[in-house]
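Q: Here it is, the structure in full.
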Amino acid sequence: MKYLDEYKDPKLAAQLSRQIYKITTKPWVIMEVCGGQTHAIVKFGIDTLLPDKIELVHGPGCPVCVTPLEMIDRALAIAARHDVIFCSFGDMLRVPGTGGDLLSVKAQGGDVRIVYSPLDALKIAQDNPKKEIVFFAVGFETTAPANAMAVYQARERGLHNFSLLVSHVLVPPAMEAILSSKNNRVQGFLAAGHVCTVMGYREYSPIAAKYKVPIVVTGFEPLDILQGIAMCVEQLEEGQYDVENQYARSVRAEGNVYAQDLITKVFCVTPRKWRGIGEIPQSGFSLTPQYRDYDAELKFNLGDIKTQESRDCLSGLILQGVKKPHECPAFAVTCTPEHPLGATMVSSEGACSAYYRYKR
Amino acid sequence: MDTWNCPFPIQQYPCVLLAHGGGGKLMQQLIEKMFTEVFGPKPASGLHDSTVLNLPAPRIAFTTDSFVVSPLFFPGGDIGTLAVNGTVNDLSMSGARPLYLSLGFILEEGLSMDILWRIVRSIRKAADAAGVKIVTGDTKVVERGKGDGIYINTSGIGIVECEGPIVPASVQAGDAILINGDVGRHGIAIMATREGLDFQTTIESDCAPLNDIVSRLIQAGIEIHCMRDLTRGGLASALNEIAQGSSKTIQIDEASVPVHQQVASACAILGLDPLYVANEGRFIVFVPETQAPKALEILQSHALGQGACRIGKVLGECKPVVILKSFIGASRILDMISGEQLPRIC
């Protein structure tokens, strides 16, 4: 397939692998930020093409994984209401909350629907004027424009039975949180190509300069990732710490300014809690006061939610790149995709799920 | 057959009523004016509680399957074609020649009689195409809201004329694994029609009866060790089931598994792996390496095998796993899926 097959070419992959072997003289720890990259690395066996000196650690860029337990529990409470049609992206449905997941709410009679785009949820709102339609707005900067567009259009069309349960998070503050942690081992980053397609990469330059780490904006196909690693290793070996763009076929320095305009109309930056990591200042989006009528948290007064995380789950350390999934005693023993203890075992982009599927 | 007029008075009963499953006159009318009209004349001895069959061989294969697909009609087929082909294919995978099917309907009160009529005709058309007869049936009606329009169960009987059991335990180290075409069409065709996943493709379901293409292999004397039709769970699940049933290691080359460009695109957008997406007219066959070229030639010469190719082999090791050689040449485990594949966020 055009624009996909070219980036899976085994000869070019072998060539890039040889190049990385040639330039690597010291051990380096590189973090791929995005869960989609983690998945591709493990699925295509990219890590097996690298010298032992290069260690890839998996970052927090899986939106399903970092959505806090309280938010999942709020989703479960809203979805269980008889007057609600709860719409979500598919991979949120199996994420365990304190008392079950969205699939079990559906089994007990809740109207929970998978949609591919928040605009599909808007159509459901239009078709079901007597129901409240709630869309679970989860994700990084990548999904923010479409979610913003849904609210924007709901307002334009005068639809009042539509709201978002917002749990949006931002990549740069999470990278800073990892770099400033005393446990940090990360020496270079592969930044998330799709996030940068929306936001551009200018905001990464101060991070690269402050923490002296190279950051390479990287795509998601095997050759993208190998090339991103090669560019990152080259900088590390030469003691440089610049922001470079491997994913130039999709990413411009300024990003998608139209999408950014829409985001700033609808969302404002706010502190957010990250599952397994804790609260990070200025690390997420919430709806601006102008759009507060579309905020499901305000619309459905849910009161206090008491949550209980599994004591055996190490997903917080895994999301920060401190531990690998197979270093968790619960991995593949008490924690499996059928009975996940944490979200990293659920999402197709979660590191534990990727290791369970491809690396046991 | 498409212009066949329904002798059942649809204008009088535009929707299925509870009484159509109640055992009285309305049910009798539905059976006589719609079902026996389409599936064959009432026997001279009258309708009875069971059918007596004369089977031309002592070894028979017997299977059953239930069909609950939504939507009922999709590009390339409908619940009726699935109900016939699904059971025909399950019989074929044991090397059996399918002969007779039963047909059980669970109808929801309020189902449009026109829809039922369309499905009944489509069942007959699929049965004719597969060369099987519907010889017995049952109809129940459940209250409105307690069903999804229509559920169908079919059971089937076929005769086994080939030697050697065609089962996972017969798989041998060194066997070649062949497939009759590209994977993932049915699942993507269904997904494209469901509410909430608004994307457009021209992909049609691959739903088809596999008995003829399988019989060509058997008639040509191909020593078939195992076959499996790829339904829910797709190619990956079928391979894992056979690896477990045979206690053998299977190796697959990802680049050799055919995937239609539109299926690959839809999967890339939705975050699905085509190896796990459902099919209804694809199967894999395990044959000795020496017979693989001939078997491939037979498959490719059939209308349902034009895209046939070799996708892997059985290794000498006795660990029941499937190893996938990825596009870039690295190896990993191809596991069974847990639950359903769910479209991802970004």
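Q: Defining a contact as two alpha carbons under 8 Å apart and six or more residues distant in sequence, what relative contact order in percent does the stretch B:210-340 show?
A: Value for the stretch B:210-340: 42 percent.
Q: Continuing with the same structure: In the Gaussian network model of chain B, springs joining C-alpha atoms below 10 Å, which of B:Val142, B:Val314, B:Val277 carries the largest mean-square fluctuation?
A: Judging by the Gaussian network model, the answer is B:Val142.
Q: Springs between alpha-carbon pairs under 10 angstrom, Gaussian network model over chain A: which of A:Gly59, A:Gly276, A:Gly109 fluctuates most?
A: Between A:Gly59, A:Gly276, A:Gly109, it is A:Gly109 that shows the largest mean-square fluctuation.
Q: Could I have the simple spin-label model distance between A:Lys26 and A:His160, label points 7 Å from Cα toward Cβ, reported in nm to one decimal?
A: Simple spin-label model gives 6.4 nm for this pair.
Q: Quick one: compute the contact order of chain B, relative version, from alpha carbon pairs under 8 angstrom and 6+ residues apart, as a percent. Numbers along the way, then the final one.
A: On the way: 734 pairs, mean separation 70.9, N = 346.
Reported as a whole number, the value is 20 percent.
Q: At B:Lys146 and A:Ala248, where each label point lies 7 Å from the Cα along Cα→Cβ, what is the point-to-point distance in nanometres?
A: Placing both labels 7 Å beyond Cα along the Cβ direction yields 6.7 nm.
Q: What FRET efficiency do you get for A:Asp293 and A:Arg185 if R0 is 51 Å and r is their Cβ-Cβ distance, rounded to the nearest 0.05?
A: Computed FRET efficiency for A:Asp293 and A:Arg185: 0.70.
Q: Here's a follow-up. Is the stretch B:18-160 rounded, prolate or oblate when judged by the Cα gyration tensor, a ≥ b ≥ c being the square roots of its eigenvalues, rounded requiring a/c under 1.5 and prolate requiring a/b larger than b/c?
A: oblate
Q: May I pose another question? For a quick check of your reading of the filter: which trypsin sites (Lys or Arg not before Pro) in the stretch A:245-289 sit in a DSSP loop and have no more than 16 other Cβ atoms within 10 Å?
A: A:Arg249, A:Arg252
Q: Here's something else I'd like to know. Measure nothing but the geometry: give the 0 to 90° angle between the long axis through the Cα atoms of A:10-23 and the longest principal axis through the Cα atoms of chain A, rounded to 10°.
A: Roughly 60 degrees, rounded to the nearest 10.
Q: In whole percent, what relative contact order does the stretch A:91-148 give with Cα contacts below 8 Å and a gap of six or more residues?
A: That works out to 21 percent.
Q: Under a plain spin-label model, where a point goes 7 Å from the Cα along Cα-to-Cβ, how far apart in nm are A:Gln108 and B:Ala129?
A: Once both label points are built, they end up 4.4 nm from each other.
Q: With a ≥ b ≥ c the root eigenvalues of the C-alpha gyration tensor of the stretch B:14-53, is it rounded (a/c under 1.5), prolate (a/b larger than b/c) or oblate?
A: Judged from the Cα gyration tensor, the stretch B:14-53 comes out prolate (a/c at least 1.5, a/b above b/c).
Q: Can you give me the angle between helix A:171-180 and the longest principal axis of chain A, using Cα atoms only, in degrees from 0 to 90, rounded to the nearest 10?
A: Relative to chain A, helix A:171-180 is tipped by roughly 60 degrees.
Q: Can you work out the FRET efficiency for the pair A:Thr48 and A:His339, with r the C-beta to C-beta distance and R0 = 41 Å, to the nearest 0.05? Numbers along the way, then the final one.
A: On the way: r = 29 Å, r/R0 = 0.70.
That gives a FRET efficiency of 0.90.
Q: To continue, here is another question. Rank these for me by crowding, B:Asp182, B:Asp90, A:Asp5, going from fewest to most other beta carbons within 10 Å. Walk me through the numbers before you get to the answer.
A: Numbers: B:Asp182 20, B:Asp90 24, A:Asp5 13.
Sorted ascending by nearby Cβ count, the order is A:Asp5, B:Asp182, B:Asp90.
Q: Test of understanding: in a Gaussian network model of chain A with alpha carbons linked when under 10 Å, which of A:Gln240, A:Gln320, A:Gln37 would top the mean-square fluctuation ranking?
A: A:Gln240
Q: If you take every DSSP beta bridge whose two residues both sit in the protein assembly as shown, what share of them, in percent to the nearest 5, is antiparallel?
A: Taking every DSSP beta bridge with both residues in the protein assembly as shown, the antiparallel ones total about 50 percent.
Q: If you bin the C-alpha pair distances of the protein assembly as shown every 10 Å from 0, what whole percents do you get?
A: Pair shares across the bins are 3, 14, 21, 23, 19, 13, 6, 2, 0, 0.
Q: Starting from a Cα-only point model with no solvent, please compute log10 I(q)/I(0) by Debye for the stretch A:288-360 at q = 0.14 1/Å.
A: With no solvent term, the Cα-only Debye profile gives -0.56.
Q: On a 0 to 90° scale, report how tilted helix A:257-266 is relative to the longest principal axis of chain A, with both axes built from alpha carbons and the result rounded to the nearest 10.
A: Between the helix axis and the principal axis of chain A, the angle is about 40 degrees.
Q: Order of A:Glu176, A:Glu32 from fewest to most other C-beta atoms within 10 Å?
A: Ordered by Cβ neighbours within 10 Å, fewest first: A:Glu176, A:Glu32.
Q: Using the 10 angstrom Cβ neighbour count as an exposure proxy, how do B:Cys207, A:Cys352 rank, fewest first?
A: The fewest-first ordering by Cβ neighbours comes to B:Cys207, A:Cys352.
Q: Another one. Can you list which of the GluC sites (Glu not before Pro) found in the stretch B:280-335 are DSSP loop residues with at most 15 other C-beta atoms within 10 Å? Before the final figure, lay out each step's value.
A: On the way: sites: B:Glu280, B:Glu289, B:Glu297, B:Glu317; in loops: B:Glu280, B:Glu317.
Within the stretch B:280-335, the qualifying GluC sites (Glu not before Pro) (loop, at most 15 other Cβ atoms within 10 Å) are B:Glu317.
Q: So which lysines can A:Lys273 reach, going by Cα to Cα under 25 Å and dropping same-chain residues fewer than 8 places off?
A: A:Lys182, A:Lys210, A:Lys265, A:Lys299, A:Lys306, A:Lys323, A:Lys324
Q: Go through the stretch B:85-190 and name the trypsin sites (Lys or Arg not before Pro) that are in a DSSP coil and have 16 or fewer other Cβ atoms within 10 Å of their Cβ.
A: B:Arg144, B:Lys146
Read-outs throughout are calculated quantities, based only on the coordinates presented, and are distinct from any laboratory measurement. Given the structure is predicted, the values throughout are model-derived calculations rather than measurements. Because the Cβ atoms are built from the backbone with ideal geometry, glycine has one as well, and the counts that use them run over all protein chains shown.
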